[in-house]
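Visitor: One structure follows; several queries about it will come next.
The values are calculated or read from the model by the stated rules, or taken from the named source; none is laboratory data. Model, not experiment: these values are computed from the prediction. Here the Cβ positions follow ideal geometry from the backbone for every residue, glycine too, while neighbour counts run over all protein chains shown.
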Amino acid sequence: MSDAIVTATHLSRDYGRFRALSDVNLTLERGRVIALLGPNGAGKSTLLHLLIGQLEPTAGGSHILGHPSRRLPQAITGRIAYMGDGEEPPGGYNARQLFQLQSQLSPFNSKRAGDFLAIQKLDPRKPFGEFSKGQKKWIRAAMILGSESDVIFMDEPAEGLDPASRIKLYEHLRRHVSDCDSLAVVATHIINDIETVADEVIILKRGKVLVHEDLEDIREQVRELFVPETERVPDFALSAETLGSQAVSGGTRFWMKADKMDTASLAAAITVRPVNLEAFYLSVAEYNHSQAHREIQK
Amino acid sequence: MKMKSSLLVFFLRCLWPVNAAAMSVSILFVLLYPKYFLWNNAWAAVFILIHSVAITFILGRVRSRSFAFIYTRGFSRDVLWLHKMLASVVSVFVAWLPAALLIGLGGRSALQDWFRNPYLPIMAAREMSAVWFWLFGYAILLPMFHYVWIRKAQPTRSSGSGMLLSVGLFFTPSALVPFGNHAPWSVMVYGLLAAVMIATYTISGFLLHRTLEVQK
């Protein structure tokens, strides 16, 4: 039996004459953390809003836990947790009141939320409006992580958090997904942090899904080649098979599929290493100069 | 649908400044107005209109950050709508219950007696019916303005909301005016029309609230 709990079929959304999201097809399963990546304006937030039913699709549709996103009954909405980028509780509320609000919706683990809050030593009785930007994010994350939701959507949850806090946030998110067998979709620009916990990657650009792939598969299939300025660029790196390239200090980086590389003939100064998620994202979304990345999906 | 006290409190907290101001004004109005109240008191009508617009505008700001927050907590649209309506009704009582008590229990009469108001003998006999009539004004205006803001947040916006508002504003005085000294049958007809209008706006608002868009 499939564990798919979020599906999207030909999902599209226009804002006037601007197509923000175009023909998105997705199937997302339980027990997974999905990194949703893309440049500004790629359609990440629009996709999340469509999935939780806050926006009407122009075409296509989506389902969560078997129900259409735009017609979710109370029994289902209480099993979905969302932390958006454009919303915030009123400043007069404190963390304790926010937890109480959340607990009226679905089973809420107050201890887990309180423990998460205690990591940053935040006073649950202090008004929300008096906290810093990062601390506000932390409190909102505590609301999400305290819930026993089946599906978690987070839009830029780590923005404004210090590096250590970002790591802890994602550790707790991973634990929630494992403990509750939930699904988490995290839209972010801070790629290195999400890479430590992500199982799958979705890369959007101009409203279209460029890549939807297991992170492990990407690591296995794609390599980064660094050619110093003093060395000649190998012929295979200049072929259409190359995913992307970027001139950097001291040489050029190339990203390509491992089976398209002839590593036996490389000069000693040329290095090959497994690609990390940020480099892969850059190769696909920013420095792409071929359509070869589509093959990765096959 | 179960009552969610936290959700009702959330909406009432949003309305708190408006309701505090409305309660203060209504109390001062009731205590100090020198003539006796009639159902068609112009100041009361203006007050009810402004208060209704303020309540529905505040509860209709679904694209503000705090409303985007509450709409994405996991409450179903029907639960949110119900609690917005409850918050509206509570707001009306917050504004008018103290004023009504001042009239009904004689606080206004006592003060006006102290002012030596010549209208004092007819005040107590007539004024409570005026208050009931003002509450009826809210019953018409609140569903209508709620409908307008809900309509405005639909994915397929049209000028229809403006047209419907115009129709509503036409029918509102039409429904209210005959309660003066007109034939009994006209009271019934316009009362029925008002009831149909209230039901239509309420049901339409409830159904359309399911499809409004929270995010821009």
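Visitor: Could you list, in sequence order, the residues of region A:86-121 that are of a type in the set (Asp, Glu) and surrounded by fewer than 16 Cβ atoms within 10 Å (Cβ to Cβ)? So that I can check it myself, show each step before the final result.
Guide: First pass over region A:86-121, keeping only residues of a type in the set (Asp, Glu): A:87-88, A:115.
Answer for region A:86-121, where residues must be of a type in the set (Asp, Glu) and surrounded by fewer than 16 Cβ atoms within 10 Å (Cβ to Cβ): just A:Asp115.
Visitor: If you take the residues of region B:3-46 that are within 14 Å of another protein chain (Cβ to nearest Cβ) and not in a helix (DSSP H, G or I), which of them is surrounded by the most Cβ atoms within 10 Å (Cβ to Cβ)?
Guide: The residue in question is B:Lys4.
Visitor: Hey, among the residues in region A:250-273 that are loosely packed, with under 14 Cβ neighbours inside 10 Å and in a loop (DSSP other than H, G, I, E, B), which one's modelled with the highest pLDDT?
Guide: Ranking the qualifying residues of region A:250-273, first place goes to A:Gly250.
Visitor: Scan region B:44-100 residue by residue and report those that are closer than 25 Å to A:Gly146 by Cβ and within 19 Å of the chain's Cα centre (by Cα).
Guide: Listed by number, the residues that qualify are B:Leu80, B:His83.
Visitor: Residues of region A:93-113 being out of contact with any helix residue (DSSP H, G or I) (no Cβ under 8 Å at 6 or more places or on another chain) and more than 17 Å from A:Tyr82 (Cα to Cα), which ones? Steps first, please.
Guide: Here is the first cut: in region A:93-113, the residues out of contact with any helix residue (DSSP H, G or I) (no Cβ under 8 Å at 6 or more places or on another chain) are A:96, A:106-107, A:111.
Those that are out of contact with any helix residue (DSSP H, G or I) (no Cβ under 8 Å at 6 or more places or on another chain) and more than 17 Å from A:Tyr82 (Cα to Cα): A:Arg96, A:Lys111.
Visitor: In addition: Which of the residues spanning region A:9-24 are hydrophobic (A, V, I, L, M, F, W, C) and out of contact with any Gly (no Cβ under 7 Å at 6 or more places or on another chain)? Walk me through it before giving the result.
Guide: Here is the first cut: in region A:9-24, the ones hydrophobic (A, V, I, L, M, F, W, C) are A:11, A:18, A:20-21, A:24.
Result: A:Phe18, A:Val24.
Visitor: Please find, among B:Arg77, B:Arg73, the residue that is within 29 Å of A:Phe153 (Cα to Cα) and either more than 9 Å from every other protein chain (Cβ to nearest Cβ) or touching a His at 6+ places or on another chain (Cβ under 9 Å) (or both). Reasoning before the result, please.
Guide: Numbers: B:Arg73 fails: either more than 9 Å from every other protein chain (Cβ to nearest Cβ) or touching a His at 6+ places or on another chain (Cβ under 9 Å) (or both).
So the residue among B:Arg77, B:Arg73 that is within 29 Å of A:Phe153 (Cα to Cα) and either more than 9 Å from every other protein chain (Cβ to nearest Cβ) or touching a His at 6+ places or on another chain (Cβ under 9 Å) (or both) is B:Arg77.
Visitor: Another question about this same structure. Find the helices (runs of 4 or more DSSP H) located wholly in region A:35-145 whose residues include 1 or more that are facing another protein chain (nearest Cβ under 7 Å) and closer than 21 Å to A:Ser12 by Cα, and list them.
Guide: Numbers: elements: A:44-51, A:74-77, A:95-103, A:110-119.
It comes to A:44-51.
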